[in-house]
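Take a look at the structure set out below.
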Amino acid sequence: MSITVSSRRTRDPAAPVRTAPHGGKGRGRAGRQLHGGKITYAVLILFTVGSLFPLVWTAIAASRTNTRLAQTPPPLWFGGNLFNNLDKAWNGAHMGTALLNTTVVAGTVAASTVLFSTIAGFAFAKLRFRFKNILLMLTIGTMMVPPQLSVVPLYMMVAKLEWTDQLQAVIVPTLVSAFGVFFMRQYLSQALPTELIEAARMDGASSLRIIWHVVFPAARPAMAVLGMLTFVQSWNDFFWPFIALTQNGNPTMQVALTGLSRGYTPDQSLIMAGALLGTLPLLIAFVLFGKQIVGGIMQGAVKG
Amino acid sequence: MTATSGFTPDTAAPPAGQGGAAPRAATAQAPDPAEQRRRDRRSRRYRWDVRWSPYAFVAPFFIFFAAFGLFPLLYTGWASLHQVELTDPTHMEWAGWHNFSRLWEDEFFWKALRNTFTIGVISTVPQLMMALGIAHLLNYRLRASMFFRVAILTPYATSVAAATLVFALLFGRDYGMVNWSLGLVGLDGIDWQNGTWTSQIAVSTIVIWRWTGYNALIYLAAMQAVPNDLYESAALDGASRWKQFLHVTVPSLRPTILFTVVVSTIGATQLFGEPLLFNTAGTATGGADHQYQTLGLYMYEQGWVNLHLGRASAIAWTMFLILLLIAAANALFARRLRKSQ
């Protein structure tokens with residue numbers, strides 16, 4: 001039940017090594033078994049540089065001044081204005097509030113998505129009830145419908161509830177996710193042996209106790225993955241927060257960032273400092289949990 | 001969890017004292033009436049639990065989903081038949097098909113539809129092809145393979161807002177890094193914002209940058225599930241690495257490729273943040289000439305800039321119909337794929 005994807009490469013060392021007549025340098029094993037050549041590394045490094053460069057350049061631009069960014073050639077190395085810009089973004093553009101707000105929103109949404117997805121996914125994977133298949137089809141069908149399409153009625157509801165500019169306006173509508181339910185169902189139908197549940201029933205455990213003592217422990221790796229993916233998604237959510245948190249004063253990170261770029265004379269280095277502030281927490285998480293996140297996405301791909 | 005020994009199923013009724021909630025008929029024992037009642041109560045509770053708790057477990061999801069997913073989606077269709085203004089969003093006036101007929105005559109709507117399609121193609125096709133190639137390379141035995149995987153996924157951690165603002169600066173006409181690089185190789189700078197194709201390419205670049213690595217990992221996962229023997233027999237037949245990629249890897253990945261095409265297409269139809277923030281003028285028109293305004297952005301402009309929520313609903317409903325068409329085409333395609341295999 002490890003989160004990391006089991007790598008087939010290392011799994012069959014005992015398989016007979018056949019040497020094919022072709023296939024370059026006599027290594028005739030399957031494609032994936034081949035070592036990468038110099039060109040492979042060159043292309044991958046190039047691609048990695050392309051992936052990382054805009055982020056590095058964000059930091060470079062954030063460490064310069066607006067005047068310097070309006071000169072040729074563009075700066076290629078760090079300057080000395082980083083902390084000045086960060087300070088201005090933090091205090092002048094609600095970035096501090098925004099960071100706190102986004103953490104609260106993403107944390108709540110991730111926790112609730114994981115909890116509700118796990119119990120619903122368990123019911124779909126292991127329990128018998130009427131309408132189960134119809135309900136499951138409904139869940140899968142709506143996985144593909146973008147929330148953007150429902151935005152007008154959502155706005156009306158939020159206006160009626162007088163939630164505009166309050167965090168619950170962006171939290172409550174995203175507390176559950178169809179993808180999460182489907183993801184947990186797929187995981188639990190494989191990872192949780194039905195005998196385990198039956199055994200617990202024989203012991204007289206109620207369904208709630210089974211959830212707590214059997215399902216949660218078995219689901220923990222998938223819950224971690226779903227939690228991380230949901231957190232990232234919620235952190236970066238843009239459309240709905242942008243509409244629901246319109247007025248100044250109580251934005252999420254992405255909304256504050258937009259506000260920063262919408263002044264009459266936008267200060268580009270300041271905008272880049274804001275972009276850096278908004279991205280840094282997730283980048284740190286990627287450095288710490290990158291392996292798990294990669295594993296989670298690949299796992300979701302195989303099962304989804 | 002000790003009750004299942006499995007060897008003597010006939011005597012496996014749980015000891016009464018430990019909570020015999022299992023629905024087994026009591027074995028022949030001295031019928032103590034109090035004991036019997038307790039057992040009945042337990043077994044009733046057990047049956048009740050087994051019968052109803054599944055609904056309780058799926059209920060939270062479906063309640064929230066109905067309230068904030070299904071209901072708003074359907075209500076969008078209802079609102080699209082009304083005149084609703086942002087200034088008073090709870091006041092609705094019946095308008096029939098007026099919103100739709102206005103869209104039909106609206107040149108900006110058709111432009112947005114066209115832009116959504118072209119940006120969708122420019123961003124999706126190169127993205128998925130590159131992802132396939134990168135996944136193929138990552139599937140080799142590599143040093144630091146985990147580093148590469150995490151590194152190509154970092155754009156996924158960057159928000160639409162941050163990424164777009166950075167790219168808007170990189171694509172700047174006068175001081176942007178891209179034009180400066182073009183100048184280094186002796187090419188003229190390009191006014192990325194104001195050309196139709198150039199602006200759409202720039203917007204697509206942001207999408208490609210953010211999602212290629214993510215899709216590469218999805219392909220990589222699928223590639224690792226391709227059975228080894230397929231490659232071995234292809235190699236025995238004398239297939240080169242390229243031939244193996246074309247005739248073993250790609251066909252095995254067809255369902256995954258279809259999946260990513262669908263997901264990317266859906267993503268493309270709702271493109272919003274990129275064309276909004278790429279515009280340094282700060283308006284929602286998608287350029288002075290609406291040259292990169294997408295349907296998502298057009299919906300926002302109609303609803304929250306021009307204050308016509310009813311018309312915005314009509315655009316949303318149109319997008320929904322387009323998605324249904326895509327889903328139908330996909331289902332058709334998937335069925336043919338299954339038949340051909």
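The values are calculated or read from the model by the stated rules, or taken from the named source; none is laboratory data. None of the values given here were measured: they were computed from a predicted structure. A quick note on method: Cβ atoms are made from the backbone with ideal geometry, for glycine too, and the neighbour counts reach across all protein chains shown. The accessibility values were calculated without ligands, DNA or RNA, using every heavy atom of the protein model including side chains. Shrake-Rupley method; radii C 1.70, N 1.55, O 1.52, S 1.80 Å.
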Query - Angle in degrees between helix B:107-138 and the longest Cα principal axis of chain B, rounded to the nearest 10 - result: 70 degrees
Report summary line: With 0.36 nm assigned to each residue of separation and the Cα-Cα distance removed, residue B:258 to residue B:45 gains 71.9 nm
Report summary line: Ignoring ligands, DNA and RNA, the residues of the stretch A:266-292 whose accessible area with a 1.4 Å probe is reduced by 10 Å² or more relative to the chain alone are A:268, A:271, A:272, A:275, A:279, A:282, A:283, A:286, A:290, A:291
**Report entry** Gyration tensor (alpha-carbon) shape descriptor, chain A, a/c threshold 1.5
**Finding:** oblate
Report summary line: Simple spin-label estimate for residue A:45/residue B:38, 7 Å along Cα→Cβ, in nm, reads 7.5 nm
Query raised in the report: Rounded if a/c is under 1.5, else prolate if a/b is larger than b/c, else oblate: which is chain B, with a ≥ b ≥ c the root eigenvalues of its Cα gyration tensor?
Result: oblate
Query - Count of Lys pairs (Cα-Cα under 27 Å; at least 8 positions apart or interchain) in the protein assembly as shown - result: 9
Report summary line: Ignoring ligands and nucleic acids, chains A and B bury, in total, an accessible area (1.4 Å probe) to the nearest 100 Å² of about 10600 Å²
Requested in this report: Could you provide, to the nearest whole Å², the per residue accessible area of the stretch B:106-340 with probe 1.4 Å?
Outcome: 40 Å²
Query raised in the report: How high is the FRET efficiency between residue A:83 and residue A:53 when r is their beta carbon distance and R₀ equals 22 Å, given to the nearest 0.05?
Result: 0.45
Requested in this report: Please label the shape of the protein assembly as shown as rounded, prolate or oblate, based on the square roots a ≥ b ≥ c of the eigenvalues of the alpha-carbon gyration tensor (a/c under 1.5 means rounded; beyond that, a/b larger than b/c means prolate, else oblate).
Outcome: oblate
Query - Accessible-area order (highest first, 1.4 angstrom probe) of the listed residues B:111, A:160 - result: A:160, B:111
Report summary line: Rounded to whole Å², per residue accessible area for the stretch A:163-304 with a 1.4 Å probe reads 38 Å²
Query raised in the report: Quick one: with all protein chains in place, what share of the accessible area of the stretch A:92-215 is carbon or sulfur, to the nearest percent (1.4 Å probe)?
Result: 64 percent
Report summary line: Once amide hydrogens are built 1.01 Å from N within the peptide plane, the residues lying 5 or more places from residue B:141 or on another chain with amide H under 5 Å from its amide H are A:34, A:35, A:36
Query - Accessible surface ranking that places the most exposed of B:209, A:57 first, with a 1.4 angstrom probe - result: B:209, A:57
Report summary line: Rounded to two decimals, the Rg over Rh value of the stretch A:148-304 from Cα coordinates and the Kirkwood Rh reads 1.09
Query raised in the report: Going from most exposed to least, what order do A:213, B:308 have by accessible area with a 1.4 Å probe?
Result: A:213, B:308
Report task. Take the solvent-accessible surface of the protein heavy atoms, probe 1.4 Å, and return the percent of it on the stretch B:106-340 that carbon and sulfur atoms account for. Result -> 65 percent
Query - Potential extension, residue B:340-residue B:78 segment - 0.36 nm per residue separation minus Cα distance - result: 90.1 nm
Query raised in the report: Using alpha carbons only, how many degrees (0 to 90, rounded to 10) separate the axis of helix B:309-340 from the longest principal axis of chain B?
Result: 70 degrees
Report task. Work out which helices of chain A, taken as complete DSSP H runs, extend at least 20 Å along their axis over the Cα atoms and score a mean Kyte-Doolittle of 0.5 or more, then list them. Result -> A:38-62, A:95-126, A:216-236, A:268-303
Query raised in the report: Calculated FRET efficiency, residue B:187 and residue B:90, Cβ-Cβ r, R0 60 Å, to nearest 0.05?
Result: 0.65
Query raised in the report: How much accessible surface does residue B:147 have with a 1.4 Å probe, in Å² rounded to 10?
Result: 110 Å²
Report task. Measure nothing fancy, just the Cα-based angle from helix B:145-157's long axis to the longest principal axis of chain B, in degrees from 0 to 90, nearest 10. Result -> 70 degrees
